[in-house]
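Here the structure is laid out as structure tokens; the discussion comes afterwards.
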Amino acid sequence: MKAKRTYKDSLFRNIFNDKRRLQRIYKALTGKLIPLSDIKITTLRGTFFEDIKNDISFMAGNQHIILMEHQSTLSENMPLRMLWYIAKLYRQQVNPDAPYKKTRIPLPAPHFYMFYNGKDDAPEKWTMRLSDAFEENENTLELVVTVFNINYAKNSELLQKCHDLKCYSIFVDQVRTEVAAGKTLHQAISKTIRYCKEHDILADYFAKKEQEEVFDMVSFKWDWNRAMEVRAEEVADAKTTEFVLNMLREHEPYEKISRLASTSMENVKKIAHMNNIAYN
């Protein structure tokens, strides 16, 4: 049996999985300062295919729940993804029997943000709406995602308000500049980390991280096509295993099972031993 694949943290998620940084980004987004004690990180941590996982979500007291996603490729389906995330988060917070009670259940109001730093041209700020996906012009359900372009620009209003986001954007911009100059990604990241430490750009963060760990987070990219290929491979493996097990239970010869299942003799024997039904 293959081990379960899990998501890797992105650099963005790893940096902002920190209450102090979330306190500052919340102030930049809302203009409100909340105490650290009122921040509760609620980020979903799922496995590769069996559950969903978002980048960052946190409670701001009992009034708001903030969901933040970072994207380097624009996806018009972000409102739908946010809908899945908030449904999952509400289900974690509300007793399963509570919706059937007569009295209204108080819920924290959700706020949805996406931070984009891809290479395609984009405005500084815009919104995405779930209702844009409806085939009919309906307004029975709405979810609005506020999108910020966080590519480094000196005149960016949000980056000026949030030093942590500005530092992250500078890091990404420096890496891209080094790659464009002919450096490998590994060399670019190494040089950029040194640059950040020398110029006090997330220096406290990079002081605690090994260079290879940062490289691993930066180089990991979500590739949906590859994900689907992996999923297809796992489904095919599961079907092969089921077929082999059925034939093993009938005590068919290993050679016959191998031929009919289009799998190796070694794999047939492995499945037999793992399920305690091996025979000569």
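The values are calculated or read from the model by the stated rules, or taken from the named source; none is laboratory data. If you're wondering where the values come from, they're calculated on a predicted model, not measured in any experiment. With ideal geometry, Cβ positions are generated from the backbone for all residues, glycine too; neighbour counts draw on all protein chains shown.
For segment 173-182, which positions are surrounded by fewer than 19 Cβ atoms within 10 Å (Cβ to Cβ) and of a type in the set (Val, Ile, Thr)?
THR177, VAL179
Of the numbered conditions (1) surrounded by 18 or more Cβ atoms within 10 Å (Cβ to Cβ); (2) on the phi > 0 side of the Ramachandran plot, GLY61 satisfies every one except a single condition; which is it?
(1)
Only one of (1) modelled with pLDDT of 90 or more; (2) touching a helix residue (DSSP H, G or I) at 6+ places or on another chain (Cβ under 9 Å); (3) in a loop (DSSP other than H, G, I, E, B); (4) exposed (fewer than 15 other Cβ atoms within 10 Å of the Cβ) fails for LYS2. Which number is that?
(1)
If the requirement is being touching a helix residue (DSSP H, G or I) at 6+ places or on another chain (Cβ under 8 Å), at pLDDT below 90 and among the aliphatic types (A, V, I, L, M), which of these qualifies: VAL230, VAL218?
Exactly one of VAL230, VAL218 is touching a helix residue (DSSP H, G or I) at 6+ places or on another chain (Cβ under 8 Å), at pLDDT below 90 and among the aliphatic types (A, V, I, L, M), namely VAL218.
Please work out which one of (1) of a type in the set (Lys, Arg); (2) in contact with a Lys or Arg (Cβ under 7 Å, 6 or more places away or on another chain); (3) modelled with pLDDT of 90 or more is the condition LYS53 fails and give its number.
Of (1) of a type in the set (Lys, Arg); (2) in contact with a Lys or Arg (Cβ under 7 Å, 6 or more places away or on another chain); (3) modelled with pLDDT of 90 or more, only one is false for LYS53: (3).
Quick one: in segment 119-132, of everything that is modelled with pLDDT of 90 or more and exposed (fewer than 12 other Cβ atoms within 10 Å of the Cβ), which residue is farthest from ASP18 (Cα to Cα)?
ASP132
Let's see how each residue does on (1) farther than 30 Å from ASP173 by Cα; (2) modelled with pLDDT under 85:
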residue: GLN211; (1), (2): no, no
residue: TRP222; (1), (2): no, yes
residue: MET247; (1), (2): yes, no
residue: GLU252; (1), (2): yes, no
residue: ALA261; (1), (2): yes, no
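Select, from MET78, MET82, the only residue that is in contact with a Leu (Cβ under 7 Å, 6 or more places away or on another chain) and assigned by TED's automatic domain parsing to the domain that holds VAL145.
Step by step, each of MET78, MET82 is checked, and only MET82 is in contact with a Leu (Cβ under 7 Å, 6 or more places away or on another chain) and assigned by TED's automatic domain parsing to the domain that holds VAL145.
Pick from segment 133-167 the residues that are within 19 Å of ASP200 (Cβ to Cβ) and without any contact (Cβ under 8 Å) to a residue 40 or more places away in the chain: which of them is surrounded by the most Cβ atoms within 10 Å (Cβ to Cβ)?
Only one residue tops the list, namely LEU159.
Is there a residue in segment 102-112 that is within 15 Å of the chain's Cα centre (by Cα) and surrounded by 14 or more Cβ atoms within 10 Å (Cβ to Cβ)?
yes
Would you list the strands (runs of 3 or more DSSP E) that sit entirely within segment 36-132 and hold 1 or more residues that are touching a residue at least 40 places away in the same chain (Cβ under 8 Å) and in contact with a helix residue (DSSP H, G or I) (Cβ under 7 Å, 6 or more places away or on another chain)?
Once the strands (runs of 3 or more DSSP E) in segment 36-132 are filtered for at least 1 residues that are touching a residue at least 40 places away in the same chain (Cβ under 8 Å) and in contact with a helix residue (DSSP H, G or I) (Cβ under 7 Å, 6 or more places away or on another chain), what remains is 56-60, 64-71, 109-116, 125-129.
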